[in-house]
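*Asks:* One structure, as C-alpha cells, below. Some questions next.
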Amino acid sequence: LKAGLNGERLEQKGKRQLEWAEAHMPVLMLIRRELEPERPLAGLRIGAVLHVTKETGVLVRTLKSLGASVTLAGSNPLSTQDEIVAALSQEGIHVFARHAETQEEYYSGLDAVIQSSPQIVMDDGADLHALIHAKKSEISVIGGTEETTTGVNRLRAMEREGVLRYPVIAVNDAHTKHLFDNRYGTGQSTVDGILRATNLLLAGKTCVVAGYGWVGRGIAARLRGMGAKVIVTETNPVKALEAAMEGFDVRRMEEAAASGDIFVTATGNRGIIREEHFALMKDGAVLANSGHFDVEVDVKTLRGVSKGSRVIRENLEEFTLMDGRRLYLIAEGRLANLGAAEGHPSEVMDMSFSNQALSVVHLKRFKMSPKVHSVPPEIDLRIASLKLEAMGIKIDSMTESQEEYTGSWEFGT
Ligand SMILES: NC(=O)c1ccc[n+]([C@@H]2O[C@H](COP(=O)([O-])OP(=O)(O)OC[C@H]3O[C@@H](n4cnc5c(N)ncnc54)[C@H](O)[C@@H]3O)[C@@H](O)[C@H]2O)c1
C-alpha cells in the first residue's frame, strides 16, 4: 500500500501543490523557521492519521524539520491526494494511503502507523486513538492530539469511562481552530464539493442544512451567500434559536424533507436523513454530508430502497427509488468537502495545523495527565496574533487606564 504510484510526474505535481500550500500557510511556516534551529522534536516518532492533503503535507514537513520522524496514514478513504503521497514518500516520510482505498486498506494504514511505535499520535476522528486503546498492546505513546469535533467527543467518552491511557490535546477546541476551520473552511469547501460534484445552480434552490454547530453555520451562511434559501434542522434549542434569529427557516427534518433541493448534514450524529425522509423527497434531490463519518445519510437503507443506482458524474451517484424518483448522493455520503473537493483552503489550515505543531512540541516538553486537555491559551492567542500579522491587520492594545478599568469592580454608575 505504500504508494509510489505513477512515479516522477505525480511526485512533481505533489511538490508544486506543497509549494502552493506553503505560500498560503505563513503562520505554520514562521513556526517552522523559528523552531528549526533548536529541533525540539529531535528523535521523536510521530504517528499521524490525517486527511492526506497538501496542507497536511506542509504540517508533516514541518514536524520533520523540527526533528521528528513521521508515519502517516489517511483518515478517510476518499480524501487522500495521491500526488501528495508521492511527494512526501520521496522525502522520507512513510505514507500509507491511496485515494479511494478500500476499508481493508484504510485499516492496514492505521496498523502501519501503530507498527511504527509512535510516541506521539495525531488523529482526525479518533479511529487511531480508539484502535490503540482497543489493542491494549504495550505502547510507547506519551501523548496525542485530535483534530476534529467527532474525535474529541469520542475521546471525552473514553475519559469519562476511565479508559483513556495518555494525554490528548483537543486541537479542535482551540478558538483558532473551530471558529475558522469548522466554520469558514468547511463552509466554503462544502459548497465547493457540491458544485464540483453537480455543477448545479445554487441561486434560488432550497438547501437544508442539518446541524447548526460550527460546521453547519458555515455551510448555511455560504449557501445563503450563493442565493439559496436555507432551512436549518437542529436538536439543540439554543442553536435552533440562533439559526432562527440569523434569519434561517428552522424546521424538523420530516417537514424539510419534501422542500429541499440540496441536503447537507453536519451534525456528527447518525441517521439524520433516513428512510422516512427519502420517502418524502423530491425527484432530483441531492444529498451531501460534511460531518466526520459516513453515517449521517443512511446510505445502506438508500441502497436497499432503490431499484438501481449508477455513477452519473464523478463523485455523484444516482439512486432510482421504486416509484421512479431519483436521489443523488455526493461522495458516497462521506465528507463532501474532502471527497468531492480538496478540503479546507490552506489559509484556514494554517491555523489548525499551527495548533497541531505547537501542541506536539508542548506534549514533548511537558508531562501531562491522561486526560483530554485544551490547547494552552497562550498558543491559541499567539496563532491569532501571527495570523493577523500575516494578513497585515493591526489591532489596538488597551491603555493602562483601560486595563485598570476592566480589571476592577469599583467603577460603576
Ligand atoms: N467536513 C470537514 O472538513 C469537517 C471539519 C470540521 C468538523 N467536521 C465534522 O463535522 C461535524 C460537526 O462538527 P461541529 O464542529 O459543527 O460540531 P458541533 O457540535 O458544533 O455541531 C453539531 C450540531 O449538530 C446538532 N445535532 C446533533 N444531532 C442532530 C440531529 N439529529 N439533527 C439536527 N442537528 C443535530 C447539535 O445540536 C450541534 O449543534 C463533526 O462530525 C465534525 O467532526 C467536519
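The values are calculated or read from the model by the stated rules, or taken from the named source; none is laboratory data. These numbers were taken from a predicted model, which means no experiment stands behind them. Counting neighbours? That spans all protein chains shown, and the Cβs are built from the backbone with ideal geometry, glycine included.
*Asks:* Suppose we filter SER89, SER117 for residues that are farther than 19 Å from ILE142 by Cα and either without any contact (Cβ under 8 Å) to a residue 24 or more places away in the chain or of a type in the set (Gly, Ala, Ser) (or both); which single one remains? Even if it seems obvious, please write down each step before you answer.
*Replies:* Values: SER117 fails: farther than 19 Å from ILE142 by Cα.
None of the others qualify; the one that does is SER89.
*Asks:* All but one of (1) under 30 Å from ALA390 (Cβ atoms); (2) within 11 Å of the ligand (Cβ to nearest atom) hold for GLU347; state the number of the condition that does not hold.
*Replies:* Among (1) under 30 Å from ALA390 (Cβ atoms); (2) within 11 Å of the ligand (Cβ to nearest atom), the lone unmet condition for GLU347 is (2).
*Asks:* Could you give me the residue pairs with C-beta distances under 6 Å whose first residue belongs to segment 242-255 and is more than 20 Å from ARG222 (Cβ to Cβ), whose second residue is within 9 Å of the ligand (Cβ to nearest atom) wherever it lies, and which are 6+ apart or on separate chains?
*Replies:* Every condition considered, the pairs that remain are MET253/THR233.
*Asks:* Further question on the same structure: Regarding LEU28, is this residue of a type in the set (A, V, I, L, M, F, W, C), more than 17 Å from PRO118 (Cα to Cα) and surrounded by fewer than 24 Cβ atoms within 10 Å (Cβ to Cβ)? So that I can check it myself, show each step before the final result.
*Replies:* Numbers: of a type in the set (A, V, I, L, M, F, W, C): yes; more than 17 Å from PRO118 (Cα to Cα): yes; surrounded by fewer than 24 Cβ atoms within 10 Å (Cβ to Cβ): no.
No.
*Asks:* Select from segment 205-226 the residues that are aliphatic (A, V, I, L, M) and not in a loop (DSSP other than H, G, I, E, B) and list them in ascending order. Spell out the reasoning first.
*Replies:* Going through segment 205-226, the residues aliphatic (A, V, I, L, M) turn out to be 208-210, 215, 219-221, 223, 226.
Once the filter is applied, which keeps residues that are aliphatic (A, V, I, L, M) and not in a loop (DSSP other than H, G, I, E, B), segment 205-226 yields VAL208, VAL209, ALA210, VAL215, ILE219, ALA220, ALA221, LEU223.
*Asks:* Then there is this: Quick check: is even one residue across segment 166-175 in contact (Cβ under 8 Å) with a residue 24 or more places away in the chain, over 30 Å from ALA134 (Cα atoms) and of a type in the set (Asp, Glu)? It would help to see each step written out before you state the result.
*Replies:* Our first condition is that a residue be in contact (Cβ under 8 Å) with a residue 24 or more places away in the chain; within segment 166-175, this holds for 166-175.
Subsequent filtering for residues that are over 30 Å from ALA134 (Cα atoms) retains 175.
Next cut, of a type in the set (Asp, Glu) only: none.
No, because not a single residue in segment 166-175 is in contact (Cβ under 8 Å) with a residue 24 or more places away in the chain, over 30 Å from ALA134 (Cα atoms) and of a type in the set (Asp, Glu).
*Asks:* Still on this structure, I have one more. Among the numbered criteria (1) surrounded by 19 or more Cβ atoms within 10 Å (Cβ to Cβ); (2) farther than 24 Å from SER140 by Cα; (3) at pLDDT below 95, which one does GLY4 miss?
*Replies:* The single condition GLY4 does not satisfy is (1).
*Asks:* Evaluate segment 390-402: report whether one residue or more is on the phi < 0 side of the Ramachandran plot and surrounded by 13 or more Cβ atoms within 10 Å (Cβ to Cβ). Write out each step before concluding.
*Replies:* Our first condition is that a residue be on the phi < 0 side of the Ramachandran plot; within segment 390-402, this holds for 390-391, 393-402.
From what is left, the residues that are surrounded by 13 or more Cβ atoms within 10 Å (Cβ to Cβ) are 390.
Within segment 390-402 (the criterion being on the phi < 0 side of the Ramachandran plot and surrounded by 13 or more Cβ atoms within 10 Å (Cβ to Cβ)), the answer is yes, since at least one residue qualifies.
*Asks:* Filter the helices (runs of 4 or more DSSP H) completely within segment 86-201 down to those with at least 2 residues that are surrounded by 24 or more Cβ atoms within 10 Å (Cβ to Cβ) and more than 16 Å from the ligand (Cβ to nearest atom).
*Replies:* On the way: elements: 103-115, 127-135, 149-160, 186-198.
Of the helices (runs of 4 or more DSSP H) lying wholly inside segment 86-201, those with at least 2 residues that are surrounded by 24 or more Cβ atoms within 10 Å (Cβ to Cβ) and more than 16 Å from the ligand (Cβ to nearest atom) span 103-115.
*Asks:* Of all the helices (runs of 4 or more DSSP H) wholly in segment 227-290, which have at least 1 residues that are of a type in the set (Val, Ile, Thr) and either out of contact with any Asp or Glu (no Cβ under 7 Å at 6 or more places or on another chain) or within 15 Å of the ligand (Cβ to nearest atom) (or both)? Step through it out loud before you land on a result.
*Replies:* On the way: elements: 237-245, 253-256, 275-278.
Helices (runs of 4 or more DSSP H) meeting the threshold: 237-245.
*Asks:* Another one. If you take the residues in segment 366-389 that are touching a residue at least 24 places away in the same chain (Cβ under 8 Å) and part of a loop (DSSP other than H, G, I, E, B), which one is surrounded by the most Cβ atoms within 10 Å (Cβ to Cβ)?
*Replies:* VAL375
*Asks:* Okay, moving on. With over 21 Å from SER75 (Cα atoms), of a type outside the set (Gly, Ala, Ser) and in a helix (DSSP H, G or I) as the only criterion, which of LEU363, LEU327 stands out? Even if it seems obvious, please write down each step before you answer.
*Replies:* Details: LEU327 fails: in a helix (DSSP H, G or I).
On inspection, the qualifying residue turns out to be LEU363.
*Asks:* Of the residues ALA203, ALA240, which single one is farther than 19 Å from LEU287 by Cα and either more than 19 Å from the chain's Cα centre (by Cα) or aromatic (Phe, Trp, Tyr) (or both)? Step through it out loud before you land on a result.
*Replies:* On the way: ALA203 fails: farther than 19 Å from LEU287 by Cα.
Result of the check over ALA203, ALA240: ALA240.
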